[in-house]
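The structure appears right after this line, and notes come after that.
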Amino acid sequence: MYLDIHSHTQHSTVDTLVIRNQYPLTADTTEPFSVGIHPWYIENWELQWETLVPLAKHHNCWAIGECGLDKNIATPLPLQQEIFLKHIHLAETLELPLIIHCVKAYSEIIHLRKITKSKQLWILHGFRKNLKIAQECITHGIALSFGSALTYSPQLQEVFKNIPREYRFFESDDIEISVSKFPIFLTDKFAN
């Protein structure tokens with residue numbers, strides 16, 4: 001069985017964690033969930049934050065996020081960093097993992113990991129970069145989550161097989177697919 005650490009399309013189950021960051025949010029008391037303010041949707045972040053914090057304390061909230069940094073959007077990076085730091089602090093306070101959205105901001109994410117001295121698990125979702133970036137993230141205690149691109153990208157397959165098992169996660173993200181259907185994971189050639 002494989003845990004789907006990041007899904008926007010599935011229902012939460014014992015092996016699928018649904019990321020909820022479309023507002024307004026409500027806590028489903030029977031399903032695990034994660035809450036965060038995505039950098040694409042931070043125009044009213046203070047109001048979202050007021051809603052998010054009580055939900056993050058719910059017993060079925062398993063992670064904080066999706067949150068992070070994205071250099072491909074118009075929102076100023078300093079504002080994104082301010083909001084991301086709030087998520088980091090919340091994850092630390094509640095002792096929950098952090099699910100991270102990162103676009104062209106790997107060095108900034110690593111820098112924030114260093115300066116905050118975070119002890120909680122950080123997981124970069126949708127990882128599609130090279131082995132050098134993967135190793136740099138892992139060196140700083142940041143795990144990687146791989147989606148369906150892993151099934152067809154030789155570069156990602158190389159990254160996957162060259163990183164420690166404890167730093168690998170799987171996700172369906174916004175695709176209707178079960179991670180247990182990723183044939184690449186079921187072969188011995190990627191076992192450590």
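The values are calculated or read from the model by the stated rules, or taken from the named source; none is laboratory data. Being a predicted model, the structure only gives us computed values, none of them experimental. Note that each Cβ is placed from the backbone with ideal geometry, even for glycine, and that neighbours are counted across all protein chains shown. Quick note on the areas: whole protein, heavy atoms, side chains included, nothing else; ligands and nucleic acids left out. Shrake-Rupley method; radii C 1.70, N 1.55, O 1.52, S 1.80 Å.
Of the residues screened, ALA91 is one that is open to solvent by less than 20 Å² (accessible area, probe 1.4 Å) and within 14 Å of the chain's Cα centre (by Cα).
For (1) within 27 Å of LEU90 (Cα to Cα); (2) open to solvent by less than 20 Å² (accessible area, probe 1.4 Å); (3) modelled with pLDDT under 95; (4) in contact with a Phe, Trp or Tyr (Cβ under 8 Å, 6 or more places away or on another chain), each residue gets a yes or a no:
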{"site": "TRP122", "(1), (2), (3), (4)": "yes, yes, no, no"}
{"site": "GLN135", "(1), (2), (3), (4)": "yes, no, no, no"}
{"site": "LEU156", "(1), (2), (3), (4)": "no, yes, yes, yes"}
{"site": "ASN162", "(1), (2), (3), (4)": "no, no, yes, no"}
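Of the residues making up region 62-73, those that are modelled with pLDDT of 95 or more and either over 18 Å from the mean Cα position of the chain (by Cα) or surrounded by fewer than 24 Cβ atoms within 10 Å (Cβ to Cβ) (or both) are LEU69, ASP70, LYS71, ASN72, ILE73.
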